[in-house]
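See below for the structure under consideration.
The values are calculated or read from the model by the stated rules, or taken from the named source; none is laboratory data. Quick caveat: nothing in here was measured; it's all calculated off a predicted structure. A quick note on method: Cβ atoms are made from the backbone with ideal geometry, for glycine too, and the neighbour counts reach across all protein chains shown.
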Amino acid sequence: MAKIDLGQSGLIVPDVALGVMRIADKSAKEAETIVETVLAHDVNFFDTADIYAAGQSSTVLGQALKTVGVARDQIFIQSKGGIILENGQINGDGWTGPRYDFTGSHLIAAVDAELQRLQTDYLDVFLLHRPDTLQEPDAIAEAFTTLAKAGKVRHFGVSNMNPWQVEFLQQALDQKLIANQLQFGIMHTNMIDAEFHVNMQDARSIDHDGGILAYSRLHHMTIQAWSPFQYGFFEGPFIDNPKFPEVNAKLQAIADKYNVTKNAVAVAWITYHPAKMQVIVGSMNRQRLSEMTAHNTVQLTNQEWYDIYLAAGNDLP
Ligand SMILES: NC(=O)c1ccc[n+]([C@@H]2O[C@H](COP(=O)([O-])OP(=O)(O)OC[C@H]3O[C@@H](n4cnc5c(N)ncnc54)[C@H](OP(=O)(O)O)[C@@H]3O)[C@@H](O)[C@H]2O)c1
C-alpha cells in the first residue's frame with residue numbers, strides 16, 4: 001500500500017482509508033470482517049464522524065477494532081464533529097438541531113462522546129465536518145488547544161471548506177490544519193473542471209470550490225476524497241451503472257490492461273493525481289474492498305488519466 005504524508009502532520013498514512021459511514025447496520029461479526037479485510041490490505045486509517053448513524057457507526061467501529069485486537073498505535077482514527085442533526089444525537093446528550101455548531105463547548109463535548117464510542121483515549125485527527133458561518137475562530141482555537149493539551153486530539157483538519165474558509169480559521173489557530181475532506185472521484189470533478197475552464201462562460205467554468213485544489217497543494221494540506229464511487233450527492237455508485245456506459249467501458253479496458261478490476265482503476269485515477277490525495281472508500285463488501293486496494297498495481301499514463309476524465313462526460317476546452 002502506497003503511503004502519503006498527511007498534510008504537515010508528520011503522519012505517514014496509506015493512500016486509501018476506510019470510511020465507516022455505512023457500517024452501523026452491520027453485525028458485530030461483519031464489522032470485524034471488514035476491519036480485518038482492510039488491515040490485511042495495509043489500510044490502517046479509519047474515518048468516521050459523530051453524526052454517522054447518530055453515533056452508531058463509531059460505536060460499531062470501536063467495538064470491531066477492540067475485538068480484532070489491533071494495537072492502538074498501529075492504526076489511525078479520524079473523526080469529525082460540528083454538525084447537530086435535527087433529532088439531536090445519541091446518549092441523551094440533549095443536542096437538537098439541525099444546525100452546524102463550532103462553539104468550543106460543543107466541539108469538546110463532540111470529541112469526548114466520540115472517544116467513548118470508539119473506546120479510545122485519543123483521535124489521531126479531528127475534522128470540522130462542514131463550515132459553520134456562525135463560527136468564531138478564536139473560540140475554535142481555544143477548544144483545539146484544550147483538546148490537544150488534554151491529549152485527546154493529535155491533529156486537526158477541516159472538511160468541505162474552500163480556501164478562504166481555511167485561511168480565516170487557520171489564522172486563529174496554533175495548530176496547522178492538515179487535511180480537507182472533499183467529495184471527489186471520477187464522477188465528481190468540480191475542482192478539476194474549474195481549473196481547465198478558467199475564464200470561460202460554460203457551466204464547468206463555475207468555480208464551486210474557490211481553487212481548493214491548487215490551494216491545498218500550495219499549503220501541503222491533504223485532500224481526502226470522500227464518496228469516491230458515487231455520482232451526484234449520494235445518488236449511487238457509477239461502476240457498472242447503465243447510466244454511464246462510456247466511462248465503464250474505458251475503465252474496463254484499462255482494468256484489463258493492468259489485470260485488475262474497474263474498482264482498482266477508479267481508486268488509482270484519484271491517487272494518480274500529484275496532489276497525493278487520500279481516498280476514503282466506503283464499501284462494506286470484502287471483495288470490493290480487496291479490489292479497490294489493488295490500485296497500486298495500476299500505473300496509469302497521463303493519457304489514460306485524461307481518457308477516463310473525458311469518458312466521464314467532461315471536455316477539454
Ligand atoms: N466529509 C464529508 O462530508 C463526507 C460525506 C460523505 C462521506 N464521507 C466519508 O467518505 C466515506 C465514503 O463515502 P461513501 O460510502 O459514500 O463512499 P463510496 O465508496 O463512494 O460509496 C460506497 C457505497 O457505494 C457502493 N459501491 C461502491 N463501489 C461499488 C461498486 N463498484 N459496485 C457496486 N456498489 C458499489 C457500496 O456498496 P457495498 O458496500 O456493497 O460495496 C457503498 O454502498 C464515508 O464512509 C465517510 O467516511 C465524508
**Item:** Number of positions in region 32-79 that are charged (D, E, K, R) and closer than 12 Å to Ala113 by Cβ
**Value:** 1
**Request:** Pick out, from region 92-210, the helices (runs of 4 or more DSSP H) lying fully within it that include 3 or more residues that are in contact with a Gly (Cβ under 9 Å, 6 or more places away or on another chain) and within 16 Å of the ligand (Cβ to nearest atom).
**Result:** 104-118
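Yes or no, residue by residue, for (1) at pLDDT 95 or above; (2) within 14 Å of the ligand (Cβ to nearest atom); (3) of a type outside the set (Asp, Glu); (4) under 17 Å from the mean Cα position of the chain (by Cα):
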{"position": "Leu11", "(1), (2), (3), (4)": "yes, no, yes, yes"}
{"position": "Asp15", "(1), (2), (3), (4)": "yes, no, no, yes"}
{"position": "Ile23", "(1), (2), (3), (4)": "yes, yes, yes, yes"}
{"position": "Ile34", "(1), (2), (3), (4)": "yes, yes, yes, no"}
{"position": "Ala40", "(1), (2), (3), (4)": "yes, no, yes, no"}
{"position": "Thr48", "(1), (2), (3), (4)": "yes, yes, yes, yes"}
{"position": "Ala54", "(1), (2), (3), (4)": "no, no, yes, no"}
{"position": "Gly62", "(1), (2), (3), (4)": "yes, no, yes, no"}
**Prompt:** So which residues in region 297-313 are part of a loop (DSSP other than H, G, I, E, B) and within 17 Å of Phe229 (Cα to Cα)?
**Reply:** Ala312, Gly313
**Fill in**
Residues of region 144-181 being of a type in the set (Gly, Ala, Ser) and surrounded by 23 or more Cβ atoms within 10 Å (Cβ to Cβ), in sequence order, are Gly157, Ala179
**Message:** Here's a check for you: in region 271-296, which residue that is more than 13 Å from Ala17 (Cα to Cα) and in a helix (DSSP H, G or I) is nearest to the ligand (Cβ to nearest atom)?
**Reply:** Arg288
**Fill in**
Within region 236-270, the residues that are more than 10 Å from the ligand (Cβ to nearest atom), surrounded by fewer than 15 Cβ atoms within 10 Å (Cβ to Cβ) and in a loop (DSSP other than H, G, I, E, B) are Pro242, Lys243, Asn259
**Prompt:** Is there any pair linking a residue in region 167-184 that is over 20 Å from Arg217 (Cβ atoms) to one that is surrounded by fewer than 21 Cβ atoms within 10 Å (Cβ to Cβ) and of a type in the set (Asp, Glu), with Cβ under 8 Å and at least six apart or on different chains, and which?
**Reply:** Ala172/Asp138
**Message:** Show the residue pairs meeting these rules: Cβ distance below 9 Å; 6+ apart or different chains; first residue within region 43-62 and within 16 Å of Glu32 (Cα to Cα); second residue within 11 Å of the ligand (Cβ to nearest atom) and in a helix (DSSP H, G or I).
**Reply:** Val43/Leu289; Phe46/Leu61; Thr48/Ser57; Thr48/Ser58; Thr48/Leu61; Ser58/Tyr52; Thr59/Ala53; Val60/Ala53
**Complete:** Flagged in region 185-225 as of a type in the set (A, V, I, L, M) and either buried (at least 20 other Cβ atoms within 10 Å of the Cβ) or closer than 26 Å to Leu6 by Cα (or both), in numbering order, are Ile186, Met187, Met191, Ile192, Ala194, Ile212, Leu213, Ala214, Leu218, Met221, Ile223, Ala225
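Here's the yes/no breakdown for (1) touching a residue at least 24 places away in the same chain (Cβ under 8 Å); (2) among the small types (Gly, Ala, Ser):
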site	(1), (2)
Met200	yes, no
Leu251	yes, no
Val265	yes, no
Asn285	no, no
Gly313	yes, yes
**Message:** Tally up the residues in region 1-27 that are free of Cβ contacts under 8 Å to residues at least 12 places away in the same chain, over 20 Å from Ala49 (Cα atoms) and among the small types (Gly, Ala, Ser), please.
**Reply:** 1
